[in-house]
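Report on the structure given below.
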Amino acid sequence: MAIKLGMEAKLFYQTDGVGGTAGWNELTNVRDVTLSLETGEADVTTRANQGWRATAATLKEANVEWEMVWDTADAGFTAVKDAFFNNQAIGLRVLDGDAGQGLEADFSITNFSRNEALEEAITVSVTAKVTYSTTAPAWVTNPT
């Protein structure tokens, strides 16, 4: 059995998007990353279904949520913050390990909420959603 632990997973970013040349960098200042993949649904029920509702998957949707420590000296933090405030796409790879597999796409940062718990480090909760791009999202295996 080939199980993976969350601490083995990797989140990479590329400031100029998936099709860019800036180079992929690991976002190491992250914790509790969640990749959500869903599809819309179309009702395709007919009389031939003999009383059963039938559904077909339609458009796919993806978002990534994670938390980062508020560290303005961290290049990854700055790249995510800048993508949010400048309304710019950022390329993300959400992989299950160094030479793993996962989603690669251009994302918009749609949530950048600062959390200031009294006895904890200041953190930021981030949500990224797939955005308009000339490069379609793809499930990648062992990307270089």
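Any read-out appearing in this document is the output of simple, stated calculations on the displayed coordinates, not a laboratory observation. Fair warning: this is a prediction, and the values are worked out from it, not measured in the lab. We place every Cβ from the backbone using ideal geometry, glycine too, and count neighbours over all the protein chains shown.
Worth pointing out:
- Estimated dipole of the chain in Debye, rounded to 20 [Cβ of Lys and Arg +1, of Asp and Glu -1, Cα centre]: 580
- Folded to 0 to 90 degrees: helix 75-85 orientation relative to the chain principal axis, Cα: 60
- Positive-end residue of GLY23, ALA9, GLY40, charge dipole of segment 1-67 with Cβ unit charges: GLY40
- Positive minus negative residues near ALA138 (Lys, Arg vs Asp, Glu; Cβ under 13 Å): 0
- For segment 95-144: rounded, prolate or oblate by the Cα gyration tensor [a/c cutoff 1.5]: oblate
- GNM remark for the chain: springs join alpha carbons under 10 Å apart, and the peak mean-square fluctuation among LYS129, LYS60, LYS81 falls on LYS60.
- R0 of 35 Å, Cβ-Cβ distance THR46-LYS129: FRET efficiency to nearest 0.05: 0.55
- Residue separation of ASP82 and LEU37 scaled by 0.36 nm, minus their Cα-Cα distance, works out to 13.7 nm of gained length.
- Pairwise Lys count, the chain - Cα closer than 24 Å, eight or more residues apart or different chains: 5
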